[in-house]
1. Provide a single number: the residues in region 223-268 that are hydrophobic (A, V, I, L, M, F, W, C), touching a residue at least 60 places away in the same chain (Cβ under 8 Å) and at negative phi.
2. May I ask you to say which residue of 97, 61 is within 27 Å of residue 150 (Cβ to Cβ) and among the aliphatic types (A, V, I, L, M)?
3. Do you know which residues across region 51-98 are small (Gly, Ala, Ser), at pLDDT 95 or above and under 15 Å from residue 275 (Cα atoms)?
4. Quick one: is residue 225 over 21 Å from residue 208 (Cα atoms), part of a helix (DSSP H, G or I) and either touching a Lys or Arg at 6+ places or on another chain (Cβ under 8 Å) or of a type in the set (A, V, I, L, M) (or both)?
5. On the given criteria, is residue 78 touching a Lys or Arg at 6+ places or on another chain (Cβ under 9 Å) and either loosely packed, with under 15 Cβ neighbours inside 10 Å or assigned to a helix (DSSP H, G or I) (or both)?
6. Would you mind finding the one in 25, 33 that is modelled with pLDDT of 95 or more and either under 23 Å from residue 285 (Cβ atoms) or in contact with a helix residue (DSSP H, G or I) (Cβ under 8 Å, 6 or more places away or on another chain) (or both)?
7. Kindly provide the set of residues from region 228-256 that are part of a helix (DSSP H, G or I), closer than 16 Å to residue 266 by Cβ and among the acidic types (Asp, Glu), ordered by number.
8. Tell me the residue from 123, 143 that is outside any helix (DSSP H, G or I), buried (at least 24 other Cβ atoms within 10 Å of the Cβ) and either in contact with a His (Cβ under 7 Å, 6 or more places away or on another chain) or of a type in the set (Val, Ile, Thr) (or both), please.
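The values are calculated or read from the model by the stated rules, or taken from the named source; none is laboratory data. Worth saying up front: this structure is predicted, and the values here are computed from it rather than measured. Note: ideal-geometry Cβ built from the backbone for every residue, glycine included; neighbour counts use all protein chains shown.
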Amino acid sequence: MPSASPGSARVAVVTDSTASLPADVAAAYDVVVVPLQVVIGAEVHDEGSPAATPAKVAEALKEFRPVSTSRPAPTVFREVYERLAADGFTDVVSVHLSGDMSGTVEAAQLGARAAEGVDVDVVDSRQVGVATGFAAIAAAEVVAAGGSRAEAAAAARARADACESFFYVDTLEYLRRGGRIGAAAALLGGALAVKPLLTITDGTVTSLERVRTAGRALGRLADLAVEAAGEQPVDVAVAHLAGEERAGRLTDMLGERLAAGLEGRPVWCSELGAVLGAHVGPGMVAVCVAPRPAD
């Protein structure tokens, strides 16, 4: 939990576990992470707990065991905000995944209304995954520089708007099961035996294009990332679920092709969290390109 010092802006930044921030990164930026829940069979676990790891979700999906997810309860957010208030914070910027994909934003808003002693600005990033994480980091950087809650929230929204995410899935079936893509789109992908490339458009998963093989999909993901980056400085992250070898190849490609824009920063590469993994299935590989905020 971040600490507030006398005379500081007393603004805290909160996000949720789907933001895919490594624990050390969240700690370095003093970002508080609220976990979503993963339901495997009849058991409910917080994302990130030993019973709800990406590997366990991938295993359950491969074995056709039921896997679902749920948002944090509004009371969880209220308790987090009130703990921050007790620590001396008067303001919170709470940055979350797209409200069209999850009820997490709504839960945060309800928790914010009920919380006492603190003013909360809930930001719907309209993004999924590490793009939400980059938005939370942008808010935290503004706070660290002495910015206000409004300035931090504006920075989060601006960076989220600038992010572009592209991902490959072996099958659209998991997205169909979770209601994140239409049955017709899932059927089309399967009928043509193609490998779908998807993106996030205005907070929802949309079909981008189709390729014939996983190898071509990785090359196309690299091309899309390079096109999105252009000539500007960027942060780039690669994520996967049970697709480490594919993700490693894509990370290496992007590190070489985007070296100028990365300016010495590494391409993050990590396994997707259990909650998002439950909706995309094993074999998924994604890339997020986040233009750097102007100094």
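1. Counting residues in region 223-268 that are hydrophobic (A, V, I, L, M, F, W, C), touching a residue at least 60 places away in the same chain (Cβ under 8 Å) and at negative phi gives 8.
2. Just a single option satisfies the conditions, and that option is 97.
3. 98
4. Values: over 21 Å from residue 208 (Cα atoms): no; part of a helix (DSSP H, G or I): yes; either touching a Lys or Arg at 6+ places or on another chain (Cβ under 8 Å) or of a type in the set (A, V, I, L, M) (or both): yes.
No.
5. Details: touching a Lys or Arg at 6+ places or on another chain (Cβ under 9 Å): yes; either loosely packed, with under 15 Cβ neighbours inside 10 Å or assigned to a helix (DSSP H, G or I) (or both): yes.
Judged against the criteria, residue 78 is a match.
6. 33
7. Once the filter is applied, which keeps residues that are part of a helix (DSSP H, G or I), closer than 16 Å to residue 266 by Cβ and among the acidic types (Asp, Glu), region 228-256 yields 252, 256.
8. After applying the criteria, what remains is 123.
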